[in-house]
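The values are calculated or read from the model by the stated rules, or taken from the named source; none is laboratory data. What you see is a predicted model, and the numbers here were worked out from it, not measured in a lab. We place every Cβ from the backbone using ideal geometry, glycine too, and count neighbours over all the protein chains shown. Please note that ligands, DNA and RNA were not included when accessible areas were found on the heavy atoms of the full protein model with its side chains. Shrake-Rupley method; radii C 1.70, N 1.55, O 1.52, S 1.80 Å.
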Amino acid sequence: DKSGETVMSFTYGNRPSEPIELKVGSYKLNIKSGDITPMDWEKPVYGAVVPFSIEKNETNTLETIKCKLMNIKVTVGYDAALYDLLEAGSVTDVTIAQNKMSFDYTEQRAAYFESGAAENKMLVEMSLNYAGKSAKMSAEIAGVKAGQWRKITVNMPHVNEGNVVFTITIETLTVDEEIIVDV
């Protein structure tokens, strides 16, 4: 309601079977699949916030609600030719807000970060070991938001020629997978 206090809270499996009676006023229905952690492997959280109002002597029915990804998904991958050259100790660190995850070069999982602000900065720091050599590079990306998948791909275009030139491609994909909640 207007005061911002929680009027009622329950899990989907324990939702009331009878209509919920509320006082006249404005409300926000907050739905989420779990609690958002600052960062974790394979822990997407889906949700939605739906404002609605209650009028005196009226029944209000909320229609189907579409929930979307509420945190930021990040994956790191390597071009096949480069991957075959990488050695132990190769790691990519990704930091969003104060939260940092380290992706070993063999890591296949997605990391999910809390979106601390409407738009965040993402820092990507790579330390790659190959053929007894090492290389470091970093990039900072602005405008990172909840609901996005930042797909980081690293390659070395002229790997067969012995040149050490890395390129980082960061795709921004909007995760439009919808979770339908029956209210």
Where a residue in the stretch 48-76 is over 30 Å from T172 (Cα atoms) and its partner, wherever it lies, is of a type in the set (K, R) and open to solvent by 20 Å² or more (accessible area, probe 1.4 Å), with Cβ under 8 Å and at least six apart: F52/K28; I54/K23
T92 vs. criteria hydroxyl-bearing (S, T, Y) and either within 27 Å of the chain's Cα centre (by Cα) or within 26 Å of L123 (Cβ to Cβ) (or both): yes
Residue pairs, Cβ under 9 Å, 6 or more apart or interchain, first in the stretch 1-26 and under 20 Å from N57 (Cα atoms), second part of a loop (DSSP other than H, G, I, E, B) and at pLDDT below 80. List them. V7/D1; L22/D1; K23/D1; G25/D1; G25/K2; S26/D1; S26/K2
Which count do you get for residues in the stretch 119-135 that are at pLDDT below 90 and open to solvent by 50 Å² or more (accessible area, probe 1.4 Å)? 4
